[in-house]
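No value in this document is a laboratory result; all are computed from the given coordinates. Computed from a predicted model, the values in this text were never measured in an experiment. Methodologically, a virtual Cβ is constructed for each residue, glycine included, from the backbone with ideal geometry; neighbour enumeration extends over all protein chains shown.
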Amino acid sequence: MTRLSWAQVCARRLERHALSVPASATGPAPEADAVAAVVSTMCGAHAQVASAAELSVGLRVPRATRTVVRQALWTDRTLVKSRGPRGTVHLLAATDLPMWTGALSALPVASHEQSLLTPEQTEQVLAAIADALAEAELTTAELTEQVVARTGPWAGDRVMEAFQDKWPRWISAMAAATRGGVICFGPNRGRSITYTSPARWLPGFAPMDGRAALAELVRRYLYAYGPATPAQFARWLSAPASWAAKLFESLDLAPVTVEGSRAWVAAGDADFPDDRPAGLRLLPYFDAYTVGCHPRELLFPGAAADRALARGQAGNYPVLLVDGTVGGVWHQRRSGRTIHVTVEPLRTLGARRRRALEEQVERVGQILEGTASLTIGAVDVGPHA
């Protein structure tokens, strides 16, 4: 069995995430092509915070800016905004959408999703959504009106708990609609989000067979985040650990050990670099590397766990990554074109790393199309919800 050090694992993950060597930008539209390729390799960029998604991608692609990412999403449509792992909002490569919808549709369904609608009502709602969005981009209010008109007043009953409000009943089918490839996000209309049909992004779109899609998703996950255990994959996907264990058993995977603990990689993908991980990076909220990589105790060593995890949850703080592990937190505040970046390292940075940090801050400004300034000091902003 291949025995690996944490340094080897970090070095491979950094390389595959384009964090040690930036993604190559080639082709007729180099930055745009590289953006879609990077998002595919990352298994999606978390987009609950839009600027964080733009930073996640831009920090991996030379010369990419938020405009380039937005163009890939809304103009070129090489990206699609939908719900990915854990049911959270992600930017996904459009060409990966059949895999994502096939895999997500094959996941065990949580019981709470089935409490407000009967199976027959769910089917009616899904058909109504598909019909309403076939050639349209609709806000939530507009889509509610269309779904109710196609199903009945019951679909509009405000019975679904939503923070301090109530949502209409049909929204409880939103997760099933996303998994089934019936709905994705359209461009914002002012401050309102819109929804549309994935088939408008990817002509001829159809979900992959569920079993084949799950096998491909595991392979992609292990490529970017491996070695990993079934429990870690289950946590990343928000699926039952016992289900993930059976899935891993059914696939052609190879066991390895990382610092003495067993984990898995895809068969034939057990090559790891001998070089130690190196480099300094600023990663935004919910960056894929931070959220997807395990074990947590090695990725967030010592004081980093107390400072950069929120009740054990990764991603709620933007992090300073030093040689592949978390070495601090940071925050950015925008005022017009000026972006004030405060970085709180957990250890004193030498001259070389200080220069690397200054370069990263400058790059953040370029991606967000502003001018960034650096302050090294305490970050007094709490974790993102």
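Evaluate the distance, in nm, between pseudo-label points positioned 7 Å from the Cα of ARG77 and of ALA378 along their respective Cα→Cβ axes.
5.1 nm
Show me 314-327, 194-207 ranked by packing, highest mean number of other Cβ atoms within 10 Å first.
In descending order of packing, they fall as 314-327, 194-207.
What is the sum of charges, Lys and Arg at +1 and Asp and Glu at -1, for the other residues whose Cβ falls under 13 Å from the Cβ of ALA239? It would help to have the intermediate numbers written out before the result.
Numbers: positive: ARG86, ARG179, ARG235, LYS246; negative: none.
Result for the neighbourhood of ALA239: +4.
Based on the Cα atoms of the stretch 280-376, what semi-axes does the equivalent ellipsoid have, where each is the square root of 5 times one gyration tensor eigenvalue, given in whole Å with the largest first?
Values: eigenvalues 103, 44, 24 Å².
Equivalent-ellipsoid dimensions as semi-axes: 23, 15, 11 Å.
If we count every other residue with Cβ under 14 angstrom of THR41's Cβ, Lys/Arg +1 and Asp/Glu -1, where does the sum land?
Net of charged neighbours comes to 0.
So what are the ³J(HN,Hα) numbers for the stretch 76-89, from phi and the Karplus equation (6.51, -1.76, 1.60; θ = phi - 60°), rounded to whole Hz, Gly and Pro as x?
Per residue, the Karplus-derived 3J(HN,Hα) values read 6, 6, 7, 10, 9, 9, 8, 9, x, x, 6, x, 9, 5 Hz.
With viscosity set to 0.692 mPa s and temperature to 37 °C, compute the Stokes-Einstein D of the stretch 179-228, Rh being the Kirkwood radius across alpha carbon pairs; µm²/s, no decimals. The partial results should precede the final answer.
Values: Rh = 13.2 Å.
After rounding, the answer is 248 µm²/s.
Could you tally the net charge around HIS90, taking each other residue with its Cβ under 10 Å from the Cβ of HIS90, Lys/Arg +1 and Asp/Glu -1?
In short, +3.
Return P(r) of the chain (all Cα-Cα pairs; 20 Å bins starting at 0; whole %; ordered from short to long distances).
Going out from 0 Å in 20 Å bins, the chain shows 27, 57, 16, 0 percent.
What is the Cα radius of gyration of the stretch 322-372 over 2.2 N^0.38 Å, N being its residue count?
1.18
Between ALA162 and ALA241, what length comes free when the chain is fully extended (0.36 nm per residue of separation minus the Cα-Cα distance, one decimal in nm)? Numbers along the way, then the final one.
On the way: separation 79, 0.36 × 79 = 28.44 nm, distance 2.77 nm.
The span from ALA162 to ALA241 would gain 25.7 nm if fully extended.
Karplus couplings for the stretch 292-304 from phi (6.51 cos²θ - 1.76 cosθ + 1.60, θ = phi - 60°), rounded to Hz, Gly and Pro as x?
Calculated HN-Hα couplings, in order: x, 8, 9, x, 4, 5, 8, 6, 10, x, x, 5, 4 Hz.
Using each residue's phi in the stretch 307-317, evaluate 6.51 cos²θ - 1.76 cosθ + 1.60 at θ = phi - 60° and report the 3J(HN,Hα) Karplus result to the nearest Hz, with x for Gly and Pro.
8, 10, 10, 10, 6, x, 8, 8, x, 6, 10
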